[in-house]
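Below: one structure, written as C-alpha cells.
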Amino acid sequence: MTGVGQRSLWRDAASRLAANRAAMAGLVVVALFAFVAIAAPILAPYDPAAGDTRNHELDPFWGDPAYRSAAFPLGTDQLGRDVLSRLIWSARVSLLIGFVPVSIIVTIGVAVGLVAGYYGRWADLLLMRAVDVIYAFPELLFVIVIVTAARGTWIGELGSGIVLIFVSIATVSWVGMARLVRGQVLALRGLEFIDAARAMGASDRRILVRHVLPNVLAPVIVAVAFGVPGAMLTESALSFLGIGIKPPTPSWGVMINEGFTLAIQSPWPVLMPAVCISVVMLAFTFLGDGLREALDPRA
Amino acid sequence: MIHSSPVPDLLDVKGLETRFFTRDGEVHAVDGVSFRLAAGETLGIVGESGCGKSVTALSLMRLIPYPPGKITAGTVMFDGQDVLKMDDDEVRAIRGNNMAMIFQDPMTSLNPVLTISRQITEALELHLKMNRTDARKRCLELLEMVGIPSAKVRMDDYPHQFSGGMRQRVMIAMALSCNPKLILADEPTTALDVTIQAQILELLKKLAKEFGTAFILITHDLGVVAGMTQRIHVMYAGRIVEKADTGELFANPKMPYTWGLLRSIPRLDESRRAKLRPIEGLPPDLINLPVGCCFAARCQYKRDVCTEKEPELKVVPKAKPDHEARCWGTQEGGWLVDVDYRTDTTVMAAVGAAS
C-alpha cells in the first residue's frame, strides 16, 4: 500500500476506476444513455407511437436524397413513425428494465445470501435448495415460460407488459446474486473481526448489516454492472420474440421485431436499435470490467 | 495479596467444561476448569497450543460457536451473575461493556472496510448510548491514550493504513472503550515482533492499572506473563495443572509440566553451553484422554500411580499456602517434594544419553 493519509478503500477504487480509460468511456456512454432515457419527452421530436403513412420508410439523412426528409433525421419506419423518437423512448424502457429488476435482484439476492451464509445450517439448506431448483433451469427459457404463462393475466397488462418482464427477470436472476453473496459471507464468517464484533456485544443483525454487508458490497457492485445489461438484453430478446413489451410502446427489441421483415428493403429501422443495444451493452461491460479491477484489492 | 482479601470475586469459574462434538468424537477442550479473579487482579493462563486456553476465554464470554462447541457444565459467576445462565440479550449487554476481549491477530481482527473511529465508536454507541459527537470525542481520547500519533487525523483511517503494532493499540483502545471490569487478552502479542510485543504489553499493563481493570492474559510464552500478571495458571490438556503467584511459580514450580516449560525458555544467567530442553512428545488426544495424569506420557518422573488415577489440583507442601498443583509427585508424601528441577540430574542424564 503506497497511499498514506486520507485515502479510503472506496476512494482508492474510485481513483483506480478514473484511471481506466475504457471504463470511463463506458461510464460516459452509460451516463448519456441515462440522460436520454430520463429526458425522452423533451428530446424526442415526435410522438413515438404516432405515424403518418405518407412519410413511411424514409431513409436517414445519409440515405437516398429522393427518399429522405430533413424533418426525420434518422428516417421513419414502415408505419411512418420517427425512428429517432422511437430510439429515444426505447432508452427509457431499457433503463427501467435495466434497473428495476436488478434492484429487486439485489434486494432479494443479498438478503438471502446473507442469511444463508451467516446462519448456515437449516436456513442455508432451505434457501440454497430453493436457489438450486431455480438455477437448474436455463435462464432465458425460464423467463419465456413465466412471461408466456402470465401474459394473458392482469399482470401482463401493466405498463404494456413491462411489469411482467420485471417480475420474470427478477424471479429467475436473484439466485445468482444469492449464491455470490453466500459464498462471500462464508469466507468472511471465519474471519476474526466477526468474532471481535460479537465480543464487542454486537447482535447478529448488527454484525450482518454493519460488518458483513460492507465487505460483500464490492462483488455485488460488479455483479450489478453486469446484471443491468443482462436484463436489458433479455428484454430485447423477449420483445424481438414478440412476448416482451407490447407495441406500440417502443423498445429496441420491439423495433427490431417490427423492422426485421422489411430489413432487406429498409435496413435502418432494424440496424439503429441494434447499434444502440450493442453500444450500451459494450459500455456496461467496460464499466463492469473497470469496476471489477478497481474494487479488487489484489490489483 | 489481592486474591485473598475479603473483596468479593469479580470472576468465579467453577467446573467449566467445554466440548466440541465432532465427527471423530467428543473433544474435551476444557475439562473442569475452576479459578477466581478479584477486581483489578491480573492473571496469566499459560500452556502450549491446543491445551484449552483460548476455549476457556471464549467460554467466559459465551463465544463458543455452536455447533460444534458447547459448554456442557460449570458456572461462570461474573460480577455476581452466572454468565452461562443469561439469555442472549443479557450476554450481549456484558460483552464489550463489562468484559472485553483482545484477539490474537490485529491484522484480521479489525474490519477492513470500516474506519478505526467507526469501529471504536460502535461499542460506545451500543453500550453507553453515546451520540456520534460524544463517541468521537471519547474515541479520540482513547486513541491518544493508547499512543496513536496524530490520533485526530488517524481516527478516520482504515485498518490497512496502520502497522500491526498500531492496530493492536487500536484493539486495546476498543477493549477499554466502555471501561470494562475484565479484559481477556488472547495471545495479544503473538502476531507482533518482539520489540513491539514489549511495548504493547507495557501499555496493556499500564492502562489496566490506571483503569483498575482486571485482565486475563493468555499466552503460550511464560516469558510474556513473567512481568505482567500477579498470578499464573498453567493449563494442560484442558485442565489447570498448576496455580501460583507469578514469583512463586518461577521460583518454586511444583509440576513437572511447568518444569518442562521453564526449561525450554532460554535464560540469561545460564552458561552459554547449557542446552534448551524441550518437552518430548505431544499433548494427549483430547478425544481419548488417557487414564490417570494427562501429562504422565511425557513425564520423566512418572510412577505407576500416575497412569492409574488422576491427581487432583491440591495445595502442595514446601510452597506458599495458595500454591496448588495437579501432581502425585509433588503433593503431600510424593516423591518429588524435595526435588529442585534446576539441579535435578535425572533429566540432564536423559538428555545427555539421547544426544
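Measuring nothing but alpha carbons in chain A and taking Rh as the Kirkwood radius, the Rg to Rh ratio lands at 1.06.
Taking every DSSP helix (H) stretch of at least 4 residues in chain A, weighting each as -39,500 (n - 2.57) and dividing the sum by the residue count yields a mean residue ellipticity at 222 nm of -22500 deg cm²/dmol. Among B:Leu201, B:Ala237, B:Gly52, whose Cα lies farthest out toward the positive end of the dipole of chain B, if unit charges sit on the beta carbon of Lys, Arg (+1) and Asp, Glu (-1)? Checking the options against the dipole of chain B, the answer is B:Leu201. Cross-link check: pairs B:Lys206/B:Lys318; B:Lys70/B:Lys205; B:Lys14/B:Lys129; B:Lys129/B:Lys205; B:Lys243/B:Lys318 evaluated at a Cα-Cα cut-off of 23 Å; pairs beyond the cut-off: B:Lys206/B:Lys318; B:Lys70/B:Lys205; B:Lys14/B:Lys129; B:Lys129/B:Lys205. Pick out which of B:His127, B:His28, B:His220 has the largest mean-square fluctuation in a Gaussian network model of chain B, springs linking Cα atoms closer than 10 Å. In this elastic network of chain B, the residue with the biggest mean-square fluctuation among B:His127, B:His28, B:His220 is B:His127. The dipole here belongs to chain A: it is taken about the Cα centre, uses +1 on the Cβ of Lys and Arg and -1 on the Cβ of Asp and Glu, and is about 1040 debye. Estimated from helices alone, the mean residue ellipticity of chain B at 222 nm is -8500 deg cm²/dmol (sum of -39500 (n - 2.57) over DSSP H runs with n ≥ 4, per residue).
Take every DSSP beta bridge whose two residues both sit in chain B; close to 60 percent of them are antiparallel. Model label sites at A:Leu158 and A:Ala136, defined 7 Å from Cα along the beta-carbon direction, differ in position by 2.9 nm. What does the net charge come to around A:Ser173 if you take all other residues with beta carbon closer than 12 Å to its beta carbon, with K and R at +1 and D and E at -1? Taking every other residue near A:Ser173 into account, the sum is 0.
Of the residues A:Ala44, A:Gly120, A:Pro269, the one whose Cα sits farthest towards the positive end of the charge dipole of chain A is A:Gly120 (charges of +1 on Lys and Arg Cβ, -1 on Asp and Glu Cβ, taken about the Cα centre).
What the Kirkwood sum gives for the protein assembly as shown is a hydrodynamic radius of 29.8 Å, with every pair of different alpha carbons counted. If you wrap the tightest convex hull around every Cα atom of the range B:54-106 and split its volume per residue, you get 93 Å³. With contacts taken as Cα pairs under 8 Å at a separation of at least 6 residues, chain A carries a relative contact order of 25 percent. Computing FRET efficiency as 1/(1 + (r/R0)^6) for B:Thr307 and B:Ala251, where r is the C-beta to C-beta distance and R0 is 35 Å, gives about 0.75. Cα-based values for chain B, radius of gyration first and Dmax second, are 21.4, 69 Å. Within chain A, the longest run free of exposed loop sites, counting chymotrypsin sites (Phe, Trp or Tyr not before Pro) that sit outside DSSP helix and strand states (H, G, I, E, B) and have at most 15 other Cβ atoms within 10 Å, spans A:63-299.
With the charge dipole of chain B set up from +1 on Lys and Arg Cβ and -1 on Asp and Glu Cβ about the Cα centre, the Cα lying farthest toward the positive end among the listed residues B:Ala135, B:Leu37, B:Met166 is that of B:Met166.
Averaging the Cα positions of each part gives two centres, and for the range A:217-243 and the range A:63-97 these lie 24 Å apart. The C-alpha atoms of chain B define a longest principal axis, and helix B:116-127 lies at about 90 degrees to it. Relative contact order, whole percent, for the range B:107-201 stands at 33, derived from Cα pairs under 8 Å and 6 or more residues apart.
Here, each number is a calculation from the coordinates, and none is a lab measurement. In this text, all values refer to a predicted model and were calculated from it rather than measured experimentally. Glycine gets a Cβ as well: all are built from the backbone with ideal geometry, and neighbour counts include every protein chain shown.
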